[in-house]
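Below you'll find the structure, written out as structure tokens, and then a few comments.
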Amino acid sequence: MASSTLAEIKALIKTKLQDLKIGGIAVFGEVLDYAHGDYEHYPVAIITPIGGDGEVIDTHRIERTFRFTVKLYQEQSHVGKTPAEADTLMTAAADALLIAFDQDKDLGGEIEIVRVVDFDFDFKVAAGTFNFATFNINCVVIVPNYV
């Protein structure tokens, strides 16, 4: 059965990110599907639904797009990762995320199509130093119209 709810699609994205590996090692130290700000293992991926829209196809179907952000965080500090190490880890995590969604366009046949539509990288010093990235992911599904 195809996934057509926010909860189901968020779970698919979370599983996809948790399963990512580079050289047999998990890409992310933590993958969360809720807002949180205290992390123990980096890099971290946070999945947040940000909205959606839809369009009636016919009397029985609606095409719906669920929009999510996936935010990546990587600490850098004197006792943690150096700036170069943090950059290398963030780049590897971002590449792994992009490749994973590029190579699984329908999340195992559960949705019509997933699109990583844009992404940004930044660096911030505030109660610690972090590299971070934000990926906007759209998931398109066809929903039976029961009205």
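So the values come out like this:
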item: Some residue of the range 68-90 being touching a Gly at 6+ places or on another chain (Cβ under 9 Å), buried (at least 16 other Cβ atoms within 10 Å of the Cβ) and hydroxyl-bearing (Ser, Thr, Tyr); result: no
item: Total residues in the range 7-28, condition in contact with a strand residue (DSSP E or B) (Cβ under 6 Å, 6 or more places away or on another chain) and outside any helix (DSSP H, G or I); result: 1
item: Hey, Thr5 modelled with pLDDT of 95 or more, hydroxyl-bearing (Ser, Thr, Tyr) and closer than 27 Å to Val143 by Cβ or not; result: no
item: Checking Pro43 against (1) in contact with an Asp or Glu (Cβ under 6 Å, 6 or more places away or on another chain); (2) over 19 Å from Asp104 (Cα atoms); (3) in contact (Cβ under 8 Å) with a residue 40 or more places away in the chain, the condition it does not meet; result: (1)
item: Test result for Glu63, over 18 Å from the mean Cα position of the chain (by Cα), part of a strand (DSSP E or B) and more than 17 Å from Phe121 (Cβ to Cβ); result: yes
item: Members of the range 100-113 that are of a type in the set (A, V, I, L, M, F, W, C) and without any contact (Cβ under 8 Å) to a residue 40 or more places away in the chain; result: Ile113
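The values are calculated or read from the model by the stated rules, or taken from the named source; none is laboratory data. Everything numeric in this text was worked out from a predicted model, so none of it was measured. Cβ atoms come from the backbone with ideal geometry, glycine included; neighbour counts cover every protein chain shown.
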